[in-house]
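Step one of this worksheet: look at the structure below.
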Amino acid sequence: YIKGTPDALDTISGLDTVLEFKTSYDFESFFLMDREKALKNYFWQVMGYMRLTGRPTARLVFVYLPPTEADIANELYRISFTFPEGTQRFIEIESQLRANASIELTSEERIKEYIINFDEGLAIEIERRVELAGNYLINR
């Protein structure tokens, strides 16, 4: 019913945990990612990984990686197709990108982690819904 590969399995800490990492190069998206949004976006993915691996818990880990100069240059190149270089909007976007890149955070501040516990009932619900979707596709 379910396919996928978690980023890692933590067997060292004794927690026997699925590890799923999400990286952000944009400070705003990282800053706004709270537990509610994290679960809304990734809960079912992580629940599926726990089902596949038989692990009882998962750690959903968000990491902020500030953009490098090369990242900024690539982003500005892409933006230049919509907002030509030198236009007011291009200058505003460049300014914001550079401001985000200059934010200094400690290693601890660059990481957000949310623990998710396996729920057998929800895992069964995933399988039920996948079966319903498969039947729909076959019989439509």
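The values are calculated or read from the model by the stated rules, or taken from the named source; none is laboratory data. Just so it is clear, the model here is predicted, and its values are computed rather than measured. Backbone-built Cβ (ideal geometry, glycine too); neighbour counts: all protein chains shown. SASA here: full protein model, heavy atoms, side chains in, ligands and nucleic acids out. Shrake-Rupley method; radii C 1.70, N 1.55, O 1.52, S 1.80 Å.
With the alpha-carbon atoms of segment 1-62 aligned to their principal axes, the span from lowest to highest coordinate is 34, 29, 18 Å, starting with the largest.
Think of it as helices only: each DSSP H run of n ≥ 4 in the chain is worth -39500 (n - 2.57), and spread over all residues that comes to -16000 deg cm²/dmol at 222 nm. Directionally averaged projected area (segment 97-138, Cα convex hull): 6.2 nm². Along the charge dipole of segment 68-140, Cβ charges K/R +1 and D/E -1, which of Ile126, Ala101, Ile116 sits furthest on the positive end? The residue sitting most towards the positive pole is Ile126. The portion of the accessible surface of segment 1-109 made up by carbon and sulfur, rounded to a whole percent, is 55 (1.4 Å probe; DNA, RNA and ligands excluded). Within the assembled protein chains, the solvent-accessible surface assigned to Val61 is about 10 Å², based on a 1.4 Å probe. Placing dummy labels 7 Å off each Cα toward the beta-carbon, the span from Val130 to Ile103 is 3.6 nm. Maximal additional length on extending the Asn117-Gln45 stretch stands at 24.6 nm, based on 0.36 nm per residue less the C-alpha distance. Binning at 10 angstrom from zero up to the longest distance, how are the C-alpha pair distances of segment 25-113 distributed in percent? Pairs per bin, as whole percents: 15, 34, 27, 18, 6, 1.
Taking Cα centre as origin and charging only the Cβ of basic (Lys, Arg, +1) and acidic (Asp, Glu, -1) residues, the dipole magnitude of the chain rounds to 580 debye. With protein chains left intact and a 1.4 Å probe, residues in segment 41-91 average 57 Å² of accessible area per residue. Across segment 30-121, C-alpha contacts under 8 Å between residues 6 or more apart give a mean separation that, scaled by the residue count, equals a relative contact order of 47 percent.
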